[in-house]
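Student: Here you go, one structure.
The values are calculated or read from the model by the stated rules, or taken from the named source; none is laboratory data. Everything numeric in this text was worked out from a predicted model, so none of it was measured. Every residue, glycine as well, gets a Cβ built from its backbone with ideal geometry; the counts of neighbours run over all protein chains shown. For the accessible areas, the whole protein counts, side chains as well, though only heavy atoms, and no ligand, DNA or RNA atoms are used. Shrake-Rupley method; radii C 1.70, N 1.55, O 1.52, S 1.80 Å.
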Amino acid sequence: MKPILVILLFFFTISLYAQDKKSKPKVALVLSGGTAKGLAHIGVLKVLEEQGIRPDLIIGTSMGSIIGGLYAIGYSADEIEQITLKTDWFKYLSNDTDLRNLNIEEKDDYDEYVYNFPIEKRKPSLGKGVIYGHELELYLNRITFSAYKYSNFDDFPIRFRAIATDVLHNEVYVFKEGSLALALRASMSIPSLFEPIRYKGKVLVDGGILDNFGVDIALKEGADIIIGSNVERISKSENDFDTYKNLFAQLMMLHSKQKYKLYKDSVDVLIEPPVIEMGTKFDKAQKIIDIGYKTALNHLVEFKKIAQRIKNTDIKRKKTIHKKYFPISQIAIRGINDLSYKYNIYNRLRKSIGLVASYTIIEKEITELYRSGQFSYIKYYLEKIGDNEYKLLFDFAPKAKSNLQLGVHYSEQVDLGLVVGFESRNTLSPNTKFKIKARISKYPGVDQYFAKYFKISKYNFGIKQYFNYTLDKISIYEEQVKLTDYNRHSIDIGVKAIWITGQNSMLESGYYFQKRFFRNLFKTNYQGIRYAETDRNTIFLSYYFNSLDDKYFSVKGLSLKSKIGYNFSTKFDTNFSPKEMNVNNDYGKIDFSLAKYLSLNEHWVVESKINAEYNIIDDSSKFVLFDKVLGGVYSDNKYQIAFWGMPNSYIVLKNYTITSLGLRYKIGDRIYLKSVVNAGVVNLNEYYFGGGLSFSFKSPIGPLSIGITKSLQYGTPQFHISMGSFR
């Protein structure tokens, strides 16, 4: 071929290539933030897929970054829809965690407080954010784990950008590389609610503060056609400022709203699903997605024109294979200053994770470390350091040595009360814990303990001193007529040894001294007792097993508590003669409780329970000698056994066996309806049957429950209300 023909052919090819490039403009999809409202973007993606429009670039903020990031790494719109519908958003957007991830000793005290204030420089502080995001970090890594195979966000099947706000330098920060999970977490970190992300010398929070609708970023990235889905309200009315919450939201988004007006005309197709009232309604996820889909259908004419312009033949995307394993050549740890402890953790991780890691392997190790109760959260990221070589970075956030905790509680037994707690770890000496909790109400209570722990072989061993004070009311009934009430002051002081024998099990053995005071509140005395004082010494052995997944609304698992005790030198002092009596100085006691939860499907759960106690004592005439009372829906202290159908503290118990069967239905996110039937044999020869219905809501201040119950023996229906921790 002659040289001149080669040159002409070369220029002709270049010309055709340039025309082809010009005929296929770059399409950018911009997805705004908006919490639950942002789920409407999924509906928009479904319409785009149907019209054969595949973006060349996705820009996302907050929830828009999550939806856009998943789509960019290869998930289809339908797959993202299924992920969001199955996601427990309330769990991941809070400090809630699976109870099975906690140390057996932490389970009973978990989820009792609304606020937690770290003690810094001897003063309570507000901390860095209400939500630490431990579960959220794991979840985002789980659903984006395959993205670690890419060097940067330009290598994704669709180029991607996530917008965050750098509050340290007061500027927008755009993620283009690094961990996708970290980028999404930073982009959605609402200030004061979520702890901010520290990254490369920046302090990052929700991108919506400065740029909630990243059209300007799309233009900078060279977009020729911009499709935007915006779920935030731009126009304002007087009602938008009628509450502090609304005013704060408007002020927080002020800069973003100004930027929106500046760049709105640059959007070729603007989709604005009418979901403004669904900001936190994750339980309406399907409805929000459907609204996004229907709104996007109104733009079919515009979409068809774009489809013709880009001449996109890739209508059906190939199934993306999500990589599940990555080779690990290095492990790095941040956040732990104790070099010896850091070295021990490093050796543990190096041995257990090995040379190849999946998110399942990594999460298993994080769960084991988190279970120690030493950390607020544990994060992890992968960093590509070679062609097929990765560094696994762990970021530990140790809990503050001391914390002040606040909560609320209400029930018929104790009235409205404030719950105050203080916890301190390793302050007096290494491997120690001090904790005190007080309920300030009409019927107060105090729990306190100090523990020292030791590592023996594979078991954790500890010595614990404890103190408990409870004021409750004992009611005496006769054939549904209340005869009288007694105030009961209970004081327990003891010491015990603890063996944590497994992930969910613990053995305890020890001694405690119990002192009680009874004072009659009515003129009528029962058994001639106006007041009484009892002393008791007890040695005991107990076993505790707990594999429940939630403290109040468990879906699966089992809880077992069994205790064998031996009481000696028991005596009481009363107002009648003989004033002081020894009562069968030595007698045994067996205490047992079992609760089993079985999930039938995503809505229905079966609950079965049994409680039993037997006191081997001859003198059964003195009610002041027995610990437990029967009645009510929920236990307010360790001396109350719930029985649906009876008033609170209806029967003083010597020996009993109580069984119950419940069926719980999940109406919506954190909303439950439950029916229960129960039966009991009390004091060997008294039989009781009852049941009822309750409506419960797992609110930010704790469970709120309203119930109505009735028993065969007590004819009047009982209404019960409880709020906050039941114990």
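Student: Could you grab the relative contact order for the chain? Cα pairs under 8 Å, six or more apart, rounded to a whole percent.
Tutor: Relative contact order, the chain: 10 percent.
Student: Does anyone have the angle between helix 339-353 and the longest principal axis of the chain? Alpha-carbon axes, 0 to 90°, nearest 10?
Tutor: 70 degrees
Student: While we're looking at this one, here's another question. Of [x] 201; [y] 241; [z] 192, which one was derived for volume of the Cα convex hull per residue in Å³ from the structure shown?
Tutor: Answer by label: [z].
Student: Which value at 222 nm does the chain reach when only helices count, each DSSP H run of 4 or more adding -39,500 (n - 2.57), with the total divided by all residues and rounded to the nearest 500 deg cm²/dmol?
Tutor: Roughly -6000 deg cm²/dmol at 222 nm, from the helical runs in the chain.
Student: Take every Cα pair under 8 Å in the range 624-727 that's 6+ residues apart, average their separations, divide by the length, and report that relative contact order as a whole percent.
Tutor: For the range 624-727, the relative contact order is 23 percent.
Student: Another question, if that's okay. Please report, as a whole percent, how much of the solvent-accessible surface of the chain comes from carbon and sulfur atoms (probe radius 1.4 Å).
Tutor: 57 percent
Student: For the pair Thr87 and Phe513, how long in nm is the line joining their label points, each one 7 Å along Cα→Cβ?
Tutor: Reported label-point gap for Thr87 and Phe513 is 5.7 nm.
Student: Determine, from the Cβ-Cβ distance of Lys401 and Gln503 and an R0 of 22 Å, the FRET efficiency 1/(1 + (r/R0)^6), rounded to the nearest 0.05.
Tutor: According to the calculation, E is roughly 0.30.
Student: Now a separate question. Once the piece of chain linking Val681 and Asp586 is laid out straight, how much longer is it, given 0.36 nm per residue of separation minus the C-alpha distance between them?
Tutor: 31.7 nm
Student: Can you give the Rg to Rh ratio for the range 645-727, taking only C-alpha atoms and Rh from Kirkwood?
Tutor: 1.02
Student: For the chain, what is the accessible area per residue in Å² when the probe is 1.4 Å?
Tutor: On a per-residue basis, the chain sits at 47 Å².
Student: Just read off the accessible area of Ser608 with the full protein assembly in place, 1.4 Å probe, to the nearest 10 Å².
Tutor: Solvent-accessible area, nearest 10 Å²: 50 Å².
Student: Within the range 325-348, list the residues whose amide N lies under 12 Å from a label point set 7 Å along Cα→Cβ of Leu369.
Tutor: Answer for the range 325-348: 331-337, 341-348.
Student: Now for a different question. Where does each of Arg122, Arg100, Arg371, Arg334 land when they are ordered by accessible area, with a 1.4 Å probe and the largest first?
Tutor: Reading off the accessible areas and sorting them downward yields Arg122, Arg334, Arg100, Arg371.
Student: Assuming R0 = 25 Å, can you tell me the calculated FRET efficiency for the pair Lys261 and Glu302, based on Cβ-Cβ distance, to the nearest 0.05?
Tutor: After rounding, the FRET efficiency stands at 0.70.
Student: Roughly how many whole Å is it from the C-alpha centroid of the range 667-681 to that of the range 192-215?
Tutor: About 42 Å separates the Cα centre of the range 667-681 from the one of the range 192-215.
Student: In addition: Take the Cα of Lys638, step 7 Å along the line toward its Cβ, and report every residue of the range 547-574 whose backbone nitrogen sits under 16 Å from that point.
Tutor: 560-567
Student: What is the local net charge at Met278, summed over the other residues whose Cβ is closer than 9 Å to its Cβ (Lys, Arg +1; Asp, Glu -1)?
Tutor: Its environment carries a net charge of +3.
Student: Would you grab the residues whose amide H sits under 5 Å from the one on Ile701? Only those 5+ places off in sequence or on another chain, please, with H modelled 1.01 Å from N.
Tutor: Distant-sequence amide H within range of Ile701: zero hits.
Student: With every protein chain left in place and a probe of 1.4 Å, what is the accessible surface of Glu607, to the nearest 10 Å²?
Tutor: So the heavy atoms of Glu607 present about 10 Å² to solvent.
Student: Please work out how much length the chain gains when fully extended from Ile385 to Tyr343, using 0.36 nm per residue of separation minus the C-alpha to C-alpha distance, in nm with one decimal.
Tutor: Gain on stretching Ile385 to Tyr343: 12.9 nm.
Student: As an exercise, use a Förster radius of 22 Å and the Cβ-Cβ distance of His603 and Tyr110 to find the FRET efficiency, rounded to the nearest 0.05.
Tutor: With R0 = 22 Å, the Cβ-Cβ based efficiency is 0.35.
Student: With label points built 7 Å along Cα→Cβ from the Cα atoms of Asn170 and Ile493, find their separation and express it in nm.
Tutor: According to this spin-label approximation, the distance is 6.0 nm.
Student: When DSSP beta bridges are limited to those with both residues in the chain, what percentage is antiparallel, rounded to the nearest 5?
Tutor: That works out to approximately 90 percent antiparallel.
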